[in-house]
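Structure first, commentary second.
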Amino acid sequence: MSALEGKVAIVTGASSGIGRAAALLFACQGAKLVVTARRAVELDALVAEIEGHGGQAVACPGDIADESLARALTETAVGRFGGLDIALNNAGQLGETAPASDISLAGWRETVEVNLTAAFACAKYQLPAMLARGGGSIVFTSTIVGHEVGLPGMAAYAASKAGLVGLTRVIAAEYGVQRIRANALVVGGTDTPMGRAAAQTPEAHAFVESLHALKRIAVPEEIAQAALFLASDASSFVTGAAMPVDGGVSINRA
Ligand SMILES: NC(=O)c1ccc[n+]([C@@H]2O[C@H](COP(=O)([O-])OP(=O)(O)OC[C@H]3O[C@@H](n4cnc5c(N)ncnc54)[C@H](OP(=O)(O)O)[C@@H]3O)[C@@H](O)[C@H]2O)c1
């Protein structure tokens, strides 16, 4: 049997990069999907690709910072597919990058809103649906930035993403007895539009690669495999974890 047979999953940030790769993998493993991001055309193409392989998915486009979208995602999962078992709260943006004293409060707030508050809002609506199902798995996409390394210019991004680790641990503690697990992926450099935007010059790219023990960055499919592990029953005794999927950034010293 496939790892996610009979499961219903929400994937945010599914129009591109890690979220798109995870949505395709989850669908290939039998999950029925609700996918979201702002770009509806990309979402429709993703849904068509999933359906082309015999899977089921529904697109629910919108801005993740909009609380009504967070509610609609869970309502769609329950209305269309009968419940919710899995959520990959993955949507994120780099936001305003500058030395801390130069980051505007508006830029800070927007980054925290999209990366942290929206993920909380999604979880807030996902949890009751998972309770009704008798359990579930919530996965947040965090990063090495702020958790493992303090990369200059990324104060807002780092703070928002490190906040996800705290949120993960509290949800895991609160809902473990009710069979809901919560974990965070601590993701290293990954070849996506965001990854490329964060390291635009050959020198910056080489620096990012050098942070990793593997001396390379990931492809999105490698991160998707880790998300699948945390989403599925294969990780049934893993909760509250900030799991490095970082090519060895956490142990690399050279
Ligand atoms: N790439 C890396 O090196 C790296 C490393 C560590 C962690 N991460 C994290 O991995 C996650 C996925 O990023 P990625 O690398 O796959 O980059 P990506 O390809 O740029 O994907 C980002 C996704 O987030 C969505 N998104 C951004 N802002 C949104 C908003 N306001 N409302 C709705 N959706 C929004 C984007 O969709 P739309 O533009 O269509 O809205 C897109 O689907 C992010 O949370 C990122 O912080 C990435």
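The values are calculated or read from the model by the stated rules, or taken from the named source; none is laboratory data. Computed from a predicted model, the values in this text were never measured in an experiment. So basically every Cβ, Gly included, is an ideal-geometry build from the backbone, and we count neighbours across all protein chains shown.
Within the range 191-210, which residues are hydrophobic (A, V, I, L, M, F, W, C) and either on the phi > 0 side of the Ramachandran plot or surrounded by 13 or more Cβ atoms within 10 Å (Cβ to Cβ) (or both)? Let's see the steps before the verdict.
Narrowing the range 191-210 to residues hydrophobic (A, V, I, L, M, F, W, C): 194, 197-199, 204, 206-208.
Within the range 191-210, Met194, Ala198, Ala199, Phe207, Val208 meet the criteria.
How many residues, within the range 167-186, are assigned to a helix (DSSP H, G or I) and among the small types (Gly, Ala, Ser)? Write out each step before concluding.
Taking the range 167-186 first, the residues assigned to a helix (DSSP H, G or I) are 167-178.
In the following step, the residues that additionally are among the small types (Gly, Ala, Ser) were identified as 172-173, 176.
Here the count works out to 3.
Within the range 148-190, track down each residue that is surrounded by 19 or more Cβ atoms within 10 Å (Cβ to Cβ), in contact with a Pro (Cβ under 9 Å, 6 or more places away or on another chain) and more than 18 Å from Leu230 (Cα to Cα).
Glu148, Ala155, Thr190, listed by residue number.
Consider the range 136-146. How many of its residues are under 21 Å from Phe229 (Cα atoms) and in a helix (DSSP H, G or I)?
Taking the range 136-146 and keeping what is under 21 Å from Phe229 (Cα atoms), we get 136-144.
If we keep only those that are in a helix (DSSP H, G or I) too, we end up with 144.
Summing the residues that are under 21 Å from Phe229 (Cα atoms) and in a helix (DSSP H, G or I) in the range 136-146 gives 1.
Pick from the range 24-48 the residues that are in contact with a helix residue (DSSP H, G or I) (Cβ under 7 Å, 6 or more places away or on another chain) and free of Cβ contacts under 8 Å to residues at least 40 places away in the same chain: which of them is nearest to Ala226 (Cα to Cα)?
Ala27
Within the range 124-147, take every residue that is of a type in the set (Gly, Ala, Ser) and within 14 Å of the ligand (Cβ to nearest atom) and give me the one that is farthest from Val11 (Cα to Cα).
Our first condition is that a residue be of a type in the set (Gly, Ala, Ser); within the range 124-147, this holds for 129, 132, 134-137, 142, 146.
Subsequent filtering for residues that are within 14 Å of the ligand (Cβ to nearest atom) retains 142, 146.
Working: Ser142: 14, Gly146: 24 Å.
My answer is Gly146.
Only one of (1) surrounded by 15 or more Cβ atoms within 10 Å (Cβ to Cβ); (2) over 15 Å from the mean Cα position of the chain (by Cα); (3) not acidic (Asp, Glu) fails for Thr143. Which number is that?
Checking Thr143 against (1) surrounded by 15 or more Cβ atoms within 10 Å (Cβ to Cβ); (2) over 15 Å from the mean Cα position of the chain (by Cα); (3) not acidic (Asp, Glu), the one that fails is (2).
Here are some conditions: (1) within 15 Å of the ligand (Cβ to nearest atom); (2) under 26 Å from Val8 (Cα atoms). Arg169 meets all but one. Which one does it not meet?
If we test Arg169 against (1) within 15 Å of the ligand (Cβ to nearest atom); (2) under 26 Å from Val8 (Cα atoms), just (1) comes out false.
Taking the condition surrounded by fewer than 21 Cβ atoms within 10 Å (Cβ to Cβ), part of a helix (DSSP H, G or I), within 9 Å of the ligand (Cβ to nearest atom) and over 17 Å from the mean Cα position of the chain (by Cα), does Glu110 pass? It would help to see each step written out before you state the result.
Values: surrounded by fewer than 21 Cβ atoms within 10 Å (Cβ to Cβ): yes; part of a helix (DSSP H, G or I): yes; within 9 Å of the ligand (Cβ to nearest atom): yes; over 17 Å from the mean Cα position of the chain (by Cα): yes.
Here the answer is yes, as Glu110 does meet what is asked.
Here is a yes/no grid of residues against (1) hydrophobic (A, V, I, L, M, F, W, C); (2) within 26 Å of Ala213 (Cα to Cα); (3) without any contact (Cβ under 8 Å) to a residue 12 or more places away in the chain:
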{"site": "Pro99", "(1), (2), (3)": "no, no, no"}
{"site": "Leu105", "(1), (2), (3)": "yes, no, yes"}
{"site": "Thr111", "(1), (2), (3)": "no, no, no"}
{"site": "Asn115", "(1), (2), (3)": "no, no, no"}
{"site": "Leu127", "(1), (2), (3)": "yes, no, no"}
{"site": "Ser137", "(1), (2), (3)": "no, no, no"}
{"site": "Thr141", "(1), (2), (3)": "no, yes, no"}
{"site": "Glu148", "(1), (2), (3)": "no, yes, no"}
{"site": "Gly189", "(1), (2), (3)": "no, yes, no"}
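State the number of residues belonging to the range 194-212 that are of a type in the set (D, E, K, R) and farther than 20 Å from Ser16 by Cα. Talk me through it step by step, then tell me what you get.
Filtering the range 194-212 for residues of a type in the set (D, E, K, R) gives 196, 203, 209.
Retained after the next criterion (residues that are farther than 20 Å from Ser16 by Cα): 203, 209.
Counting residues in the range 194-212 that are of a type in the set (D, E, K, R) and farther than 20 Å from Ser16 by Cα gives 2.
With respect to Phe207, is the statement that it is more than 28 Å from Leu4 (Cα to Cα), more than 11 Å from the ligand (Cβ to nearest atom) and in a helix (DSSP H, G or I) true?
On the way: more than 28 Å from Leu4 (Cα to Cα): yes; more than 11 Å from the ligand (Cβ to nearest atom): yes; in a helix (DSSP H, G or I): yes.
Yes.
Of all residues in the range 6-30, how many are on the phi > 0 side of the Ramachandran plot and either modelled with pLDDT under 95 or of a type in the set (S, T, N, Q) (or both)? Give the steps one after another, and end with the answer.
Within the range 6-30, the subset on the phi > 0 side of the Ramachandran plot is 6, 13, 17, 30.
Going one step further and asking which of them are either modelled with pLDDT under 95 or of a type in the set (S, T, N, Q) (or both), we end up with none.
Counting residues in the range 6-30 that are on the phi > 0 side of the Ramachandran plot and either modelled with pLDDT under 95 or of a type in the set (S, T, N, Q) (or both) gives 0.
Do any strands (runs of 3 or more DSSP E) lying entirely in the range 13-101 carry at least 2 residues that are within 13 Å of the ligand (Cβ to nearest atom), buried (at least 20 other Cβ atoms within 10 Å of the Cβ) and under 16 Å from the mean Cα position of the chain (by Cα), and which ones are they? Give the steps one after another, and end with the answer.
Values: elements: 32-36, 57-59, 86-89.
Passing ranges, in order: 32-36, 86-89.
Take Ala118 and decide whether it is closer than 21 Å to Ile64 by Cβ and in a loop (DSSP other than H, G, I, E, B). Let's see the steps before the verdict.
Values: closer than 21 Å to Ile64 by Cβ: yes; in a loop (DSSP other than H, G, I, E, B): no.
No.
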